[in-house]
Structures are given as structure tokens and as C-alpha cells.
1. Please determine, by comparing only the residues of region B:94-120 that are under 19 Å from the mean Cα position of the chain (by Cα) and closer than 27 Å to A:Gln41 by Cβ, which one is surrounded by the fewest Cβ atoms within 10 Å (Cβ to Cβ).
2. From the set of residues in region B:275-295 that are among the aliphatic types (A, V, I, L, M) and in a helix (DSSP H, G or I), which is farthest from the other protein chains (Cβ to nearest Cβ)?
3. Spot the failing condition for A:Ala17; the list is (1) closer than 15 Å to B:Cys78 by Cβ; (2) more than 35 Å from the chain's Cα centre (by Cα), and only one is missed.
4. Among the polar types (S, T, N, Q) and not in a loop (DSSP other than H, G, I, E, B): is that true of B:Ser188 in this structure?
5. Kindly indicate which of B:Ile68, B:Ile64, B:Ile46 is within 27 Å of A:Gly75 (Cα to Cα), facing another protein chain (nearest Cβ under 10 Å), open to solvent by 20 Å² or more (accessible area, probe 1.4 Å) and out of contact with any Pro (no Cβ under 8 Å at 6 or more places or on another chain).
6. Restricting to region B:11-23, name every residue that is among the hydroxyl-bearing types (Ser, Thr, Tyr) and more than 6 Å from DNA strand D (Cβ to nearest atom).
7. Looking at region B:14-33, I want the residues that are within 14 Å of another protein chain (Cβ to nearest Cβ) and have a partner that is of a type outside the set (S, T, N, Q) and more than 11 Å from DNA strand C (Cβ to nearest atom) with Cβ atoms under 9 Å, at least 6 apart or on another chain. Which pairs are those?
8. Given the criterion within 15 Å of DNA strand D (Cβ to nearest atom), more than 24 Å from B:Glu107 (Cα to Cα) and over 18 Å from the mean Cα position of the chain (by Cα), identify the matching residue among A:Lys49, A:Lys26, A:Lys57.
Number of protein chains: 2
Amino acid sequence: MGSTIKDIAKDTNLSLATISKHLNGKNILPENKKLIEESIQRLGYIPNKTAQNLRSKKTKTICILLPIIGDYFWGFLCSIIEEYLRKYNYSTIISSYDASSGDNTSELQFLLSKQVDGVILIPDNSNSINLPFLLQKAHIPFVCLDQELSVIPADFVTSDNRAGAYGATRYFLENGHRKLGAIGGNLSSYTMKERLAGFRDACSEYHIPEENLCIYGGDVSSSAEYFRIMTSLPEHPTAVLMLGYDLTLGAIMTLSALNMQIPKDLSLISFDDDEIFSAFNPPITTVVQNMNEIGRQATKLLIKRINGNYDLFPETKMIETNFIIRKSVHVLADY
Amino acid sequence: MGSTIKDIAKDTNLSLATISKHLNGKNILPENKKLIEESIQRLGYIPNKTAQNLRSKKTKTICILLPIIGDYFWGFLCSIIEEYLRKYNYSTIISSYDASSGDNTSELQFLLSKQVDGVILIPDNSNSINLPFLLQKAHIPFVCLDQELSVIPADFVTSDNRAGAYGATRYFLENGHRKLGAIGGNLSSYTMKERLAGFRDACSEYHIPEENLCIYGGDVSSSAEYFRIMTSLPEHPTAVLMLGYDLTLGAIMTLSALNMQIPKDLSLISFDDDEIFSAFNPPITTVVQNMNEIGRQATKLLIKRINGNYDLFPETKMIETNFIIRKSVHVLADY
DNA sequence: ATACAAAAGCGAAACGTTTTGCTGTGCAAC
DNA sequence: GTTGCACAGCAAAACGTTTCGCTTTTGTAT
């Protein structure tokens, strides 16, 4: 079991160095090449990565760091990233970090001891982590996903949330809606701010006065409550943009409890599609993030940095969202 | 940057061996212990795992192997497993394998070269992979999730699908339903067989004649079509058990297209809950897998095997499903 | 033929740990 | 006062590669 480069050397009467050279794609004599390859077959040689890593100080491994408690949205993205990385001959380790602790030194130590070549960081909403600092100090290249780091310049790739929200809002407006609502989670998070900005962009383009806008945000758990308040206003919005997937659930539950029907009584567009949105009655129109492209771009960018190419640092990749029109928006008669 | 055990040795005037001893929890003189710990602090020493791995031939790393194209159901489970493994000081690498190829030698080579201590294998439905053989031959401990391997005895942990289906079906029966349907994906897969068996268990307990049962299965894409056929039968079932999450979506879409209402026109229970099922109108009653427990048990079992404990091999851990009663089942008047 | 550069090969060192086998010290038992 | 034993410490070897510096071979131009 487990033959090594030494066995190959003995078997072929060549030196370690020559075998290693061949294995790393350098030129050697064709006859030796043949000899080595035969020997590898015969002895079933498989390179030992831990030895390679130790000697070369490169591990061809990157780590996806995500906040503890895996929201399964991210789990999905991990699979995508793993697949892309594998194409570059990198392997992926996933690890969660404790976002509630102010100090992530232990996570950094993990990365250092594992000798990872780079990190894909999925920041926590709270943005209070010091991980970015630590990574920078340790000279570990990293790319952020989803959230812009306010604290430090860093590469990041994200959906173009602003444009996505803008497009959805315009769709409301083009269908005659003039009183609009938006419900978000924590409105101070980067993502929410962007989406809200897109919402406002479209509204001001159509000269919708501020008093026709109804914007709520806060805890996800209270979103249903916000929704209830909003819809009970005497002149409530006719269309609401839901700024997050989880919020939409609360909204739909509330609506059905209030016996209001989509889109007759209220039009609705949601961020972040789920397969299941298409199964609702009516199916929900959504702004959907292109997870595949996010994964691809993040991978590409990270590997560029690992290879020492720091052109355009810090780079921001905005990935276009897709707008899937289904049936949750009412075409107003008075349009 | 990056001090080593050698630096600590020099700094403390002790030998490498002593430092290593301390680091691995063996006894050394208290004064030396203090000396070493101070030195570690001062020099910011972090153990190099690649070196440790090379020398000790243990990597404290396990690999989650999942079929290519990450269905995000599995992504979620990966996060759970990672979290448990971390508690045992293991790290997790994820890697996908090509289930369509009959030969997964390259995947095995990856595992061997990475020197992983164990594998959590998520088999493909097709069960045609030779990975289990290869793992066994290479003496890499592994635990299967979800599917029993027909080809080889192996540890596996799975939901108790049969009992779950039995419970759901009984719920139909107890509410007066006597004509029942079940719609599955590929009925020859282990999971589907189990669920169907549970369905039949309950039916035969209530002496439901076979002609009152309506069972369809096949491609997920054609499930909507099966559903359409079933509901158009002159004496169609009054209650249908959906044997998989994705199938339910098709069903609900079809139902709304046919203008049939749940549960008035048809009662429905689905396997595999999604947060969103509770948001449907009406909310869907479901049989839900305890992913957390699956992850926990799989981790525990794998680590036991890694530690050389092969008691009760091959071991099967059946994890109870939970039954969440919502409002998609009609209480029949004639009950 | 001769000189010279380029290519290919070699032995040995290096990467940072753990493990092995040995030595020296102190202490209890006889 | 010797024997024996546990314990701590040490130097050196080992893990399986890559890399360094040097030598030998090959090919080409004179």
C-alpha cells in the first residue's frame, strides 16, 4: 500500500529529483518519462498532498468562511464555489465562524495552521467581525461575498441589488401603481440599503412624492407585524417590494390571515427566488440573484489574487439580477 | 512571521521533543511548561498542520462527498456536519463526484492524496457508483447518508422514511380518507421504496383494497402530469401523499391550474418540509426530516470508525421524522 | 575535432512536525 | 548503599515531497 516517489525512483533507477520534475510537468527524456509512467501505474503511486504542501508551502486549498448557523442559502453557494474551484485544481474547506464574538483570532489561527491559500468570506450582517483585519494582517487573500465591508477596502462580489430593486419598482410604476411600499429586514445592512436605494431611484424618476412611500424595516420576526400595519393604513400602498426572501413568507402568511388576495388587493414582488415561489397561487414575481455567476466571479477573483495579481484592487463585481415576471403584480385599471 | 517549534526550542533552550511533548499534552516540568507557553505567546507560534499531518499520517480531516450539482438540500446538511465535526476538532472538506461516470477512481485518488481520515458519502439515487468499493479497498472509513447501499455492507444513517410515511398515511385514514394516492419520483430508489412501504403498511392495516390505491412515480418533471391523470380519474383519491419536496411543487401548481382547492377538493401531505410550506394557503402538513440529528449521528458514527471501533458494523441509524400538522388535510364528514 | 550552451540528471538539504531510543536524575524499596 | 523504576529531557531519524547547486550529457555552431 501507498508507494512513494522513492519507490518509483528505485524502480526506475532514476533520482527523486527527476521523478519530481516529471510530476511537475518539467521536461525530461521521453524514455524516462515512459519508464516513470509505467512504474507509477505498476506501483499505484499517488502523490501525497500533505508532503507537497509542507515542502511547497502552497496547499491549493481555499476556505469558505461563513457565519455560524448555516442558513441554507449559503450551503447552496458553497457547492457552486466548490465546483468552480475544483476546475482550478483547488479544494475547498468550509468552516463557520462565530460572528457574535468580537474577536476571531481562533478562526484565523485555524486558517494559518491549515495553510490555506485564500478565503472566501461571507460576512455577517452585523459587520462587527474583525476577521477582515486579521486576514489582511496575515496576508491571506480574501474575497467578500454579498456585503461590502465598510471597515476596510476589500474585493467583493455581490448582486447588483440596487439595479434589481430599481427594475422591480419600475415594473410596479409601469403598471400604474403610485403608492408603493417596501419592507426590509435590518435596513442598515449594506444589502438592504442598496435595495432601498434602487427602490427610491425608480420612485423619484416617476416623481412619486415621499408621502406615497411606505418603508418599514427591522427584525425579520416583526416583518409580519409591519406588513399588518402597512396594509391597514387608510390609503395603503397598492404594491409592495419585499426586500428579502424570508420576509416574503411572513407577508404571505399575514395576507392570507387578513384574507387579502394577491394581486387583486395587493401587488407584490419579492427578492430572492425560491423554486417554490412559482408554485404559489398566484406565482410570485421575483428578483433573483445569479448565484452561479456570483460563485464563478468570486472564485476567479480570488485565484487572481492568490496568484499575486492585484490589479484594480479593491475590485467590486456587480452581478446582474434576473427579473422573473409571474403573476403577483396587478395591472391597475386607471393606468 | 511564522515561527516554528524550532524557534520555541531555541528561545527556551529546550529540545524540539520537549516542546512537541507539551503541545501534545504529555507531562513536562511545570517550570518548562511556563517557559514554553510564554515563548509561544511572545513569538506568536501557530502549529503547522501540514507538517503535523505529514508526520503523524492523520489529517483530522473528513470529506463530504456529494453528487455533482449541489441540490441545495445537501448544502444545508454540509453546514450542519461541519459544525459537529468541528466540535471533535475535525475539519471538513467538501467535494463533489461525478455520479454519471461508472468509475470514480479519480475521486478516490483525491481522497488518498489528501489523506482524509474518513468520508461521509451522499450516494446518488442511481446507486451505480463504485465509490463504496474503492473506499473499502482503500480502508477509508465512511458513512452513507440517506440511501442504503445495496451493493456492499456499510454504515448508514437515514430518516425513518417508512415510519414517517406510515404516520402520515394513518393521519389520512384516521380522518376518514379511504381512497389514497402516493406520488413519488424514481420509485426504485431506496428512499422512495421505504416511503411507499410505509404508505402500504398503513393502508393494509386499515384493510384498504388495492384498487383504492393510486401510486405513480417516475421522473420529477412528469410528476405534474401524473398528478393531473390521478385527479382526473372518475373516482380519484381524496388524499395524496407526496413522496418528495420537489414533487409537491409540481402538484400545487397543477392543482391551482385545475382550480382544485386544498384541502376541500384534495387533501395533501408532503415529505420534506420547507419553511415556505407554512406560508402556503393553506399551510401544508408535512413529514420533515431531522437534518440536525442526521448530521450529528453521522458524525458520531464516522468518528467512532475512524478511531478503530467497528462494533456493530454495519450499523444503521434510523432517525425519526417529525410530523407537522398544518391545514392541508380535510376531515371527511362521513368519518 | 573543439568549444560552448542548453538540457537533463543527481545527491543532499529543506519544509515543520512527531516519534524513537537513549541518557541522566531523583526517589523508593530492599 | 545498591538496585530498580519512573520520569523528563535530548539528539537524531523519520514522514514524502520540492528545491538547490552542481555535474553530466546532448546538441549545435565553429
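1. Restricting to residues being under 19 Å from the mean Cα position of the chain (by Cα) and closer than 27 Å to A:Gln41 by Cβ, the top hit is B:Asp98.
2. B:Ile294
3. Only one criterion is unmet by A:Ala17, namely (1).
4. no
5. Sole residue among the options that is within 27 Å of A:Gly75 (Cα to Cα), facing another protein chain (nearest Cβ under 10 Å), open to solvent by 20 Å² or more (accessible area, probe 1.4 Å) and out of contact with any Pro (no Cβ under 8 Å at 6 or more places or on another chain): B:Ile68.
6. Answer for region B:11-23, where residues must be among the hydroxyl-bearing types (Ser, Thr, Tyr) and more than 6 Å from DNA strand D (Cβ to nearest atom): B:Thr12, B:Ser20.
7. Close Cβ pairs satisfying both conditions: B:Leu23/B:Ile36.
8. Result: A:Lys26 is the single residue among A:Lys49, A:Lys26, A:Lys57 that is within 15 Å of DNA strand D (Cβ to nearest atom), more than 24 Å from B:Glu107 (Cα to Cα) and over 18 Å from the mean Cα position of the chain (by Cα).
The values are calculated or read from the model by the stated rules, or taken from the named source; none is laboratory data. Being a predicted model, the structure only gives us computed values, none of them experimental. Glycine also receives a Cβ, built like all others from the backbone with ideal geometry; neighbour counts cover every protein chain displayed. Just so you know, the surface numbers come from the protein's heavy atoms only, side chains and all, with ligands and any DNA or RNA stripped out. Shrake-Rupley method; radii C 1.70, N 1.55, O 1.52, S 1.80 Å.
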